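The structure appears right after this line, and notes come after that.
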Amino acid sequence: MTELPRGVRLGVDVGQVRVGVSRSDPHGVLATPLVTLAREQNPRSDMVPSDVAELAALVAEHEAVEVVVGLPVNLAGKHGPAAEHVKAYARLLAGVISPVPVTLTDERMSTVVASRRLAERGVRGKKQRAVVDQAAAVEILQSWLDAQRRRTP
């Protein structure tokens, strides 16, 4: 097994209205919820959207060594409009936080899995909507961390 370079990683679930953010421990073992950011709906083209600026501040605050963004690939493995939207968001973020790398990872079903896990814990309705984006970001980052640990040199 290969070992990940030490450092905190942030997981990001990009939605149309909100951005869920999670973080890992410095050893890259466990992802935990961090925050949900509101998406700036009509940002000026000459300005960095407030949610991207907030995300960049979190990267600095947590001294993140990498940001892992969930890419919503459809069940057939294709990149639809949602994936193109996320790729554009990731490019914008990468430009703002450079040289910290932004990695895209397949996040099929992360929100569905997160919603199911929250429901199993009795979190439903408005309470679930408030945290489902963070929970999806945890699913994205934890899956990515687990996949990195399974890789062999």
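The values are calculated or read from the model by the stated rules, or taken from the named source; none is laboratory data. From a predicted model like this one, the values you see are computed outputs, not experimental measurements. Cβ coordinates were reconstructed from backbone atoms using ideal geometry, including for glycine residues, and neighbour counts include every protein chain displayed. In case anyone asks, the SASA skips ligands and DNA or RNA and just uses the protein heavy atoms, side chains included. Shrake-Rupley method; radii C 1.70, N 1.55, O 1.52, S 1.80 Å.
A simple spin-label model places pseudo-atoms 7 Å from Cα toward Cβ; at A147 and R117 they are separated by 1.6 nm.
With a/c under 1.5 counting as rounded, go ahead and sort segment 37-95 into rounded, prolate or oblate using the C-alpha gyration tensor (a ≥ b ≥ c being the square roots of the eigenvalues; past the cut-off, prolate if a/b is larger than b/c, else oblate). Judged from the Cα gyration tensor, segment 37-95 comes out oblate (a/c at least 1.5, b/c at or above a/b). The sum of -39500 (n - 2.57) across all DSSP H runs of n ≥ 4, divided by the residue count of the chain, sets its helix-only mean residue ellipticity at 222 nm to -14500 deg cm²/dmol.
Which helices pass in the chain if a helix is a full DSSP H run, must span at least 20 angstrom along its long axis by Cα, and must have mean Kyte-Doolittle hydropathy not below 0.0?
81-97
Within the chain, DSSP assigns beta bridges of which about 55% are antiparallel (rounded to the nearest 5).
Of S98, S24, the order by accessible heavy-atom surface (1.4 Å probe, DNA, RNA and ligands excluded), from most exposed downward, is S98, S24. Give me the net charge of L37's neighbourhood, meaning all other residues with Cβ under 10 Å from the Cβ of L37; Lys, Arg count +1, Asp, Glu -1. For residues surrounding L37, the net value is -2. Using a 1.4 Å probe, what is the accessible area per residue for the chain, in Å²? Ligands and nucleic acids excluded, the result is 55 Å² per residue.
With the highest mean first, a sort of the peptides 74-83, 35-44 on other beta-carbon atoms found within 10 angstrom per residue produces 35-44, 74-83. How much of the accessible area of the chain, in percent, comes from carbon and sulfur atoms when a 1.4 Å probe is used? Carbon-and-sulfur percentage of accessible area, whole number: 55.
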